[in-house]
Each structure stands twice: as C-alpha cells, then as structure tokens.
1. Only one residue in A:GLU119, A:GLU111 is within 10 Å of chain B (Cβ to nearest Cβ), open to solvent by 70 Å² or more (accessible area, probe 1.4 Å) and within 14 Å of the chain's Cα centre (by Cα), so which one is that?
2. Can you tell which of A:ILE117, A:ILE65, A:ILE34, A:ILE23 is among the β-branched types (Val, Ile, Thr), touching a Leu at 6+ places or on another chain (Cβ under 9 Å) and touching a residue at least 24 places away in the same chain (Cβ under 8 Å)?
3. Does region A:54-66 include one or more residues that are out of contact with any helix residue (DSSP H, G or I) (no Cβ under 9 Å at 6 or more places or on another chain) and on the phi > 0 side of the Ramachandran plot?
4. Of these, A:VAL98, A:VAL84, A:VAL89, which one is β-branched (Val, Ile, Thr), within 18 Å of A:VAL38 (Cβ to Cβ), modelled with pLDDT of 95 or more and more than 14 Å from the chain's Cα centre (by Cα)?
5. In region A:6-16, what count of residues is obtained for those that are closer than 21 Å to A:PRO122 by Cβ and either of a type in the set (Gly, Ala, Ser) or in a loop (DSSP other than H, G, I, E, B) (or both)?
6. Given the conditions (1) more than 30 Å from B:VAL5 (Cβ to Cβ); (2) open to solvent by less than 20 Å² (accessible area, probe 1.4 Å), which single one is not true for A:LYS24?
7. Which residues, counting only those in region A:39-57, are closer than 24 Å to B:MET7 by Cα and either away from every other protein chain (no Cβ under 14 Å) or crowded, with 19+ Cβ neighbours inside 10 Å (or both)?
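The values are calculated or read from the model by the stated rules, or taken from the named source; none is laboratory data. This one's a predicted model, so the numbers in the text were calculated from it and none came from an experiment. We place every Cβ from the backbone using ideal geometry, glycine too, and count neighbours over all the protein chains shown. All accessible areas refer to the heavy atoms of the entire protein, side chains included, with ligands and DNA or RNA removed. Shrake-Rupley method; radii C 1.70, N 1.55, O 1.52, S 1.80 Å.
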Amino acid sequence: MEDRDSGGRIALTGDDFDSGAYIKSAKRRTTGAIVTFVGVVRDDDIESIEIEAYEKVAQGDLYEIRDEAVAKYDLQEVTIVHRVGNLQVGDNILLIVVSAGHRKQAFSGCEFILERIKERAPIWKREILSDGDRWVKGNHEYA
Amino acid sequence: MKIHVRMFGRFKHQFGDWREVDVPEGNTPLDVLKEVVATNPEGYMAIFDDQNRIRNHIILMLNRKRISFADCSSVILHDTDELALLPPVAGG
C-alpha cells in the first residue's frame, strides 16, 4: 500500500527500502536540511520479529500524520515507509525522511512523525524467541 | 444482523483473526464484545476489568474509525458493520 503523489512516499510494505534514494529525492532548491530516521530490529535475544498492521487504518493514519507534520513544521517533502511481516535482527523497520528550509523544522518534524506513529498507528510487534514468542508492549500500556 | 469482528495483535492469537457475530437489531458494540468473550473467561479478563468496564488501553474501531468507550455502549450497530478490537499499538 503506498502513495507517491506527494513527492515523498507513504507506505506499509514487506519490502526493504533504499534510504539514500529517498534522501536524494527529498531535496529541493529551497531545502536547507534533510533529517532521516531509520528504525532497526535490535537483538534483544530474539530470533526475528513479526510486524503486523491494521493496514487500511494504519495507511490512513500515516497520511494524517504526514499532513499534520507538514502543516506544523512547514516541511517540504516527507517519506514514511513502515515495514510489515517477518524481519531479522539488523533489518530496517521504519524510514522517515523529511526536508525543510531549516534544520530545526526538519529535526522537530521528523521526531513528531516518529512519536505520532508510536502513539497512534495500529501496528504491533511480536518477537520470535528460541522457546516461544512475546508481544512488544504498547507505548501507552500498563499492567 | 451480522457483525464482522476483527482482532489484531495479541487478541488475534487469543480469539482468532475474525468472526461473524449474529446479534439482534439494536445491539451496541459492547453487546457484541460481550458475545465474543462469552465462552472465553480468560478472554473476558483481557478485555474487561473487574468492574466489567473495557480496559483503558484497548482501542475499538467501528468501520475503521476509532470510537470512545461511551460510544461503545450507545452506538447502534447495523448489519455488516465491522468492529475491530485492538491492543495498545507498538509500531515505529
């Protein structure tokens, strides 16, 4: 599921991404800063990680988050690619690339997008262990 | 009427991916949730607290739109509606 009409790309996909290509395409003549975030599968004594999403809702949320960030921080180009499916340690999970006229807008915009995804987008992670599995606790979950 | 109930995350493993629940006209999302967990005491405790209230961290969606807990007991469902039960999100 994806959209390239905005210049950037918004996608939930099983495929890996080439962050360099998105950084290159985020640049305009008026761009002064490009900030990139890449989330990676960390080895917490796991064999792999399974990422699932309520895809149609998550896709809509990513659009809304992009639009909020563009309006709030005057961003130029935004790419958000969140992977789903089975990923191995070291694999890329999430790419956020934002461009803006100035660095503060770009840093703030990138962080805003990341935090909004973590609190809102219906995406879950299940860690596959050698002797079973465990769900990664939600960002707003308590016992 | 038939309501399509979808589960995600850990709820999918607890209750299955989805199920179609046949309930009388005039039922609310809360009625459907209670029907879903009626034969699953462990599942009931995963969704409801000891005051029989939906646990705070659970997210409910009706036809892919988030609904509040208040709506859960007041919105009237219609045939073929899709109700989704989501655990706290953990993307990023």
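1. A:GLU119 is the lone residue from the list that is within 10 Å of chain B (Cβ to nearest Cβ), open to solvent by 70 Å² or more (accessible area, probe 1.4 Å) and within 14 Å of the chain's Cα centre (by Cα).
2. A:ILE117
3. Within region A:54-66, not a single residue is out of contact with any helix residue (DSSP H, G or I) (no Cβ under 9 Å at 6 or more places or on another chain) and on the phi > 0 side of the Ramachandran plot.
4. A:VAL89 is the lone residue from the list that is β-branched (Val, Ile, Thr), within 18 Å of A:VAL38 (Cβ to Cβ), modelled with pLDDT of 95 or more and more than 14 Å from the chain's Cα centre (by Cα).
5. Summing the residues that are closer than 21 Å to A:PRO122 by Cβ and either of a type in the set (Gly, Ala, Ser) or in a loop (DSSP other than H, G, I, E, B) (or both) in region A:6-16 gives 4.
6. Condition (2) is where A:LYS24 drops out.
7. Passing the criteria: A:SER48, A:ILE49, A:ILE51, A:ALA53, A:TYR54, A:VAL57.
Residue by residue, here is whether (1) at the interface with chain B (Cβ under 8 Å from one of its Cβ atoms); (2) surrounded by 22 or more Cβ atoms within 10 Å (Cβ to Cβ); (3) of a type outside the set (Lys, Arg) holds:
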{"residue": "A:GLN59", "(1), (2), (3)": "no, no, yes"}
{"residue": "A:ILE65", "(1), (2), (3)": "no, yes, yes"}
{"residue": "A:VAL70", "(1), (2), (3)": "no, no, yes"}
{"residue": "A:HIS82", "(1), (2), (3)": "yes, yes, yes"}
{"residue": "A:GLY132", "(1), (2), (3)": "no, no, yes"}
